[in-house]
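I have placed the structure first, in the form of structure tokens, so that the comments after it can refer back to it.
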Amino acid sequence: MKYGYAGSILRINLTDESVSKTPTWEYARNFLGGRAINAKLMFEESEAGVSAFDPGNPVIIGAGLLVGSGVFGAVRHEITTRSPEQVPEGFGNVGSGGTFGPQMKYAGYDHIVIKGKAKKPIYIYIENDEIHFRDASALWGKGIFETNRLIREELGDPEVAILAIGQAGERLVRIATIEHEYRSGTALGAVWGAKNLKAVVVRGTKGVKVYDPEKILEMNKQMLSIIEKKLKDYIEWCKANGREYLPYPKYALGVDAVDEYLVQQEKAFTGYFKGIEWPDLEKTRAVPFLKKRMVKQTGCCPLSCIGIIKVPGVGTSVMRCDPFWWPWQLYLTDMDKAFEATRLCSDYGIDNQDIATPVSWLMQLYEDGIITADDTDGVPMEWGSGDALIHVIHSVANRKGFGDALADGVLNLAKKLGPKAEALLIHRRGIVPNSDEFRNQTGVALGTSVDTTCGRENWYHDQIWEKHLKETGREKELEEAYARAREIYGTEKAIIPWEYEGKVRGVIEAEYFERISDILGRCFFVPKYAGHTGPIELEACKAVTGIDFTEEQLNTYAEKALILEKAYNVREGFDREDEKIHDFWFKEPIPDGPHKGRVLDKAKFEKMKDEYYEVRGWDPETSWPKRETYERLGLEDVAESLEKLGKLPKTKKQS
Amino acid sequence: MTQRSKVILVDPDKCTSCKQCEKVCSLKHEGECNPELSRIKVLRNEIMGQYFVTVPVVCQQCEIPMCMEVCPTGAIYEDPATSAKLVDKERCIGCRMCVISCPLGAIEVHPVKHTAFKCDLCGGDPECVKICLAEALTYVDKDKIGFKERREGLKKLSDRLVLVAGMPADGATE
């Protein structure tokens, strides 16, 4: 405990503005850190059936074990609360990089638990040991950009790290986000709005003690040299093949999916889940747009994966969450308009994908004659219309006109528009997918269906796109990947996207990988794309804490995080019925492109799920974890509390 | 041949504001990760939605170092091997004259030790340069940078510093 941790868990009650601190150790010894401690706190601090907007719904912010230690990429915080977006509501989690996680630890806190409801709009300013509750009435009604500026001005410190909600969160828009330095993610912002909480601001100057600083420096340089080489190879390959490129590492590492495999027409679609063959696709390529409009590269580790874009007359912001997909989903070729829409989302604090797919759906409904312009405040939902897109964003964020219904969730709007509209809505518990294809990605489909946070797509899953790698001269990488798959999963099929064999193991590995990253607070891009795996994480843990961990131990912490998230949902009454993906993926084959005709096989898919539950030690009938599984992980208390609610699977007769 | 003539050259346009340099600097010099105690500081000034300026500030090992000139106890001296200006902690009385005098703000007084601290070029192998993937920091031979480049570099730096310190002109993002 001497090294790595900041030391305290900070508990804040907004109702009476009380504050308390307890040692992190009480949780760290069993749950290590980050997302796992978040999950434990979430299970403990809330009761079954407490709604997302109830003062009793806790918001937990956690900075992982390695955060603030100087380890390359260890800059992430995780926010856990009940998701207001899911129907019915369930466990919600969102993570992001930036300066908040490190500053939290420099201020002395590994976790922050916020409960209650403020009487009037406030923001919390955490300045090392001092916790201030500050009046936010001047900030209420302001967008994210203005809010950030005003807070920095008011506190007179440009270095403060700010998490904030925009107007959307204040208005309890269920797709509102918590924004941090142009980063957002899963929509949990309305929970803050319900608490009258505009922002959480932190400034820490205390630093994090580490066990072996020299080792951290050495590991960082090692990782950097791998990335530098990849970047060099990529640029050389682009030059040799006459391809346009951007000299930024994230493109070299394939982080920017758009010009990589999405454009290779393997796993995306255009329009409302239609084929990939769209003649205007070329007009919406990322690289030419970025070459024209990107003014600065920024980010929270040397990979610096964010591009600041400036469009004259519009302003500066980022193109977050691969919104190049927007043009595809809406057949929108005006890239400046797409940027304008993204920028609006960043300012209002709304999730991009929660706008993009619903607008695509509305445009499909309009084309099919199911809705008319009258249903959308007189604005025709025509394909490719940037104005229609922007109208939707304004009306949702401000709860004006038809946007008021959409602000309560796309499923809510669908019910208003009638059964035909609802029948066309592809969703899972009210969450719409983005433009990631399930029909040729069985692992992604499985990972998504069992995801504890009802995520859009589980894309951590280990898989490769053979055609694309061959076309880009990376046969060697391909061979290595197959060899690795044979070794880890026993078959190369495990990493071939559309195969079923070996997938369960692959998904479980992905779940471990994702959660270990979130427990350590390290961006998964760094180990993944720098070619670093498990052993390097162990070295990093040793260098920071001085403790020798094994890979198995890290997996156990990951499993604890997962099962606690699952237990939260079980307590809420969820079972296997809630772990489905939409029937569309089993019925409508891919209409064109290299994967034309592919569709998910229901029987094989359900068999994968059976196998998944078996391997996890969960009951396949209900999907509920078994008592012995909780016990194996030392979670007897969780099992006990679920037993009382009748949420443990019945033990079968011993045969 | 000594490394006498090398400096850390800063290109603020390339800086991504990742602040990894601050982290490695404090690890190297303080044995803990604490950006507050870093010898290099990444200053940023940002109005979201409008502009974003960031400048790494680190000692330029001046030819005529103001810090050295004003120090009443003669605590600042030159490392003969690297030409880095170093602080003699025994002599330093923490009077902050150097802090006030440095045109870049590249020297500070340690909040716990109460003596001045600044970049020592890591003895001729600066950690910050090694971790800067964006190449905003390079460790270069003074002789190899011509007068013109140095002047241009300095102009860029001072322009950006003005932006960080105060309100920028409209539309200044690049």
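Miscellaneous remarks
- Positions within the stretch B:3-27 being more than 7 Å from chain A (Cβ to nearest Cβ) and part of a loop (DSSP other than H, G, I, E, B), in sequence order: B:Gln3, B:Arg4, B:Ser5, B:Asp11, B:Pro12, B:Asp13, B:Lys14, B:Cys15, B:Lys19
- Residue selected from the stretch B:52-81 under the condition β-branched (Val, Ile, Thr) and part of a loop (DSSP other than H, G, I, E, B), by the criterion surrounded by the most Cβ atoms within 10 Å (Cβ to Cβ): B:Val58
- Qualifying residue in the stretch B:42-51 (condition: more than 9 Å from every other protein chain (Cβ to nearest Cβ), in a helix (DSSP H, G or I) and open to solvent by less than 20 Å² (accessible area, probe 1.4 Å)): no
- Condition check for B:Val112: within 14 Å of chain A (Cβ to nearest Cβ) and assigned to a loop (DSSP other than H, G, I, E, B): yes
Quick grid of which residues meet (1) β-branched (Val, Ile, Thr); (2) open to solvent by 50 Å² or more (accessible area, probe 1.4 Å):
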site: A:Ala483; (1), (2): no, no
site: A:Ile495; (1), (2): yes, no
site: A:Gly502; (1), (2): no, no
site: A:Phe513; (1), (2): no, yes
site: A:Pro527; (1), (2): no, no
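- Count - residues of the stretch A:191-232 that are in a strand (DSSP E or B), open to solvent by 30 Å² or more (accessible area, probe 1.4 Å) and either at the interface with chain B (Cβ under 8 Å from one of its Cβ atoms) or over 25 Å from B:Asn34 (Cα atoms) (or both): 1
- Given (1) of a type outside the set (A, V, I, L, M, F, W, C); (2) at pLDDT 90 or above; (3) in the same structural domain as A:Val599 (by TED's automatic domain parsing), index of the condition A:Glu471 fails: (2)
- Residue that is nearest to A:Leu139 (Cα to Cα), among those in the stretch A:157-176 that are open to solvent by 30 Å² or more (accessible area, probe 1.4 Å) and away from chain B (no Cβ under 14 Å): A:Arg171
- Boolean, B:Leu121 is at pLDDT 90 or above and buried (at least 19 other Cβ atoms within 10 Å of the Cβ): yes
- Elements of type helices (runs of 4 or more DSSP H) in the stretch A:592-655, at least 1 residues being over 27 Å from A:Gln441 (Cβ atoms) and open to solvent by 30 Å² or more (accessible area, probe 1.4 Å): A:627-632, A:636-644
- Exclusive hit being within 14 Å of chain B (Cβ to nearest Cβ) and of a type in the set (Ser, Thr, Tyr), set A:Tyr106, A:Tyr125: A:Tyr106
- A:Ala561 vs. criteria part of a helix (DSSP H, G or I) and at pLDDT 95 or above: yes
- Unique match (being out of contact with any Lys or Arg (no Cβ under 6 Å at 6 or more places or on another chain), at pLDDT below 95 and assigned by TED's automatic domain parsing to the domain that holds A:Thr22) among A:Gly49, A:Gly33: A:Gly49
- All of A:Leu362, A:Leu344, A:Leu290 fail the test of being open to solvent by less than 40 Å² (accessible area, probe 1.4 Å) and within 14 Å of chain B (Cβ to nearest Cβ), apart from A:Leu344.
- Any hit, the stretch A:318-340, residues being open to solvent by 10 Å² or more (accessible area, probe 1.4 Å), within 11 Å of chain B (Cβ to nearest Cβ) and either free of Cβ contacts under 8 Å to residues at least 24 places away in the same chain or within 24 Å of B:Pro12 (Cβ to Cβ) (or both): no
- Matching option when the condition is part of a helix (DSSP H, G or I) and at negative phi, among A:Leu332, A:Leu303, A:Leu290: A:Leu290
- Among the candidates A:Val19, A:Val59, residue that is β-branched (Val, Ile, Thr) and either surrounded by 17 or more Cβ atoms within 10 Å (Cβ to Cβ) or on the phi > 0 side of the Ramachandran plot (or both): A:Val59
- Flag for B:Glu30 being closer than 30 Å to A:Glu179 by Cα and within 12 Å of chain A (Cβ to nearest Cβ): no
The values are calculated or read from the model by the stated rules, or taken from the named source; none is laboratory data. For clarity, every value in this text was computed on a predicted model and none was experimentally measured. Note: ideal-geometry Cβ built from the backbone for every residue, glycine included; neighbour counts use all protein chains shown. Quick note on the areas: whole protein, heavy atoms, side chains included, nothing else; ligands and nucleic acids left out. Shrake-Rupley method; radii C 1.70, N 1.55, O 1.52, S 1.80 Å.
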